[in-house]
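Engineer: My questions all concern the structure below.
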Amino acid sequence: MARAASIATEYVVQLLRGEDGLDARIVELAEITGMELAPVASQVVAQNVSGEVSERKVGGTSQVVQVYCERVKNELREKFRTFSGKLRMVIEARVTEDRLEGLEQKIEAHVDAITAVLEKARGAWGQGMYHTGGYEVIYQPVKHGGRNFVQSAKVIFDVDMSSD
């Protein structure tokens, strides 16, 4: 089961870093909204680390996108398969700014970019993975982190997977 989580996590990371991934969506949003949005694909990482720990380790980078598998559920829906079930995936975007103004708009823009990538990638992903296109977004309140303000949001979605 752990292998299924690793495969899905790596696929989502590559999807977000890809040519038609987050940076392409962020450029589109910046043009539409007139907001200054920096590229984020280089900050996409496969890890599940709290904001407090991440900020201490990395030194408070202005934005980061973490991808991880939150839950693996083997439902054994397909006979003779080792794994056939759902993976609960999370893409967590975190934005750090020295001012409160515009922070919420930036995290919303990051979420819009992430959901646009997911919507475009709906369907079969290969290696027995399938994404229906559904997702849930949870916005966290703004917190004080170090010398800056931090806000994060989680985009949570399921991936159906079956493998031998």
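Just so it is clear, none of the values below were taken in a lab; they were calculated from the coordinates. Every value quoted in this text rests on a predicted model; they were computed, and no experiment measured them. Here the Cβ is made from the backbone with ideal geometry for all residues, glycine too, and neighbour counts use every protein chain on show.
Engineer: For the charge dipole of segment 110-164, defined by +1 on Lys and Arg C-beta atoms and -1 on Asp and Glu C-beta atoms about the Cα centroid, which residue among A113, S163, Y130 has the Cα displaced farthest towards the positive pole?
Structural biologist: Selected residue: A113.
Engineer: Right, next: Towards the positive end of the charge dipole of the chain, with charges on Cβ (+1 Lys, Arg; -1 Asp, Glu), say which of S6, V44, T96 has the farthest Cα.
Structural biologist: S6
Engineer: Further, regarding this structure: At a threshold of 8 angstrom on Cα-Cα distance, excluding pairs fewer than six apart, so keeping six or more, what relative contact order does segment 69-131 reach in percent? Spell out each step's value before the answer.
Structural biologist: Numbers: 51 pairs, mean separation 12.2, N = 63.
Relative contact order of segment 69-131: 19 percent.
Engineer: How many nm is it between the label spots at S62 and Q105, if each spot is 7 Å from the Cα in line with the beta carbon?
Structural biologist: Label at S62, label at Q105, 1.5 nm between them.
Engineer: Is it possible to state the helix-based mean residue ellipticity at 222 nm for the chain, with each DSSP H run of 4+ residues giving -39500 (n - 2.57), the sum divided by total residues, to the nearest 500 deg cm²/dmol? What is it? Could you put the intermediate results ahead of the total?
Structural biologist: Details: 4 runs with 54 residues, N = 164.
Taking each H run of at least 4 residues, the total per residue is -10500 deg cm²/dmol.
Engineer: Let me ask you something else. Within 10 Å, Cβ to Cβ, of L87, how many net charges do the neighbouring residues add up to if Lys/Arg are +1 and Asp/Glu are -1? It would help to have the intermediate numbers written out before the result.
Structural biologist: On the way: positive: R71, K73, K86, R88; negative: E70, D158, D160.
Surrounding charge for L87 is +1.
Engineer: Now for a separate question. Can you pull the one-decimal nm distance between simple spin-label points at E28 and E136, each 7 Å off the Cα toward Cβ?
Structural biologist: Those two pseudo-labels are separated by 2.6 nm.
Engineer: I want the local charge near R99. Using Cβ-Cβ distances under 12 Å, sum +1 for each Lys or Arg and -1 for each Asp or Glu among the other residues.
Structural biologist: -2
Engineer: Could you give the size of the charge dipole of the chain about its Cα centre, using +1 on the Cβ of each K and R and -1 on the Cβ of each D and E, expressed in debye and rounded to the nearest 20?
Structural biologist: Taking the Cα centre of the chain as origin, the dipole is about 720 debye.
Engineer: Moving on to the next point. Among (1) 42; (2) 35; (3) 39, which one is percent of Cα pairs over 24 Å apart computed from these coordinates?
Structural biologist: (2)
Engineer: Something else about it: With the crude spin-label approximation of a point 7 Å out along Cα→Cβ, what separation in nm comes out for E36 versus E70?
Structural biologist: Spacing of the two 7 Å Cα→Cβ label points: 3.3 nm.
Engineer: With an 8 Å Cα cut-off and a minimum separation of 6 or more residues, compute the relative contact order for segment 2-163 in percent.
Structural biologist: For segment 2-163, the relative contact order is 23 percent.
Engineer: Just report the Cα centroid separation between segment 1-49 and segment 110-164, whole Å.
Structural biologist: 9 Å
Engineer: Could you state the angle between the C-alpha long axis of helix 103-120 and the longest principal axis of the C-alpha atoms of the chain, as a value from 0 to 90 degrees rounded to the nearest 10?
Structural biologist: 30 degrees
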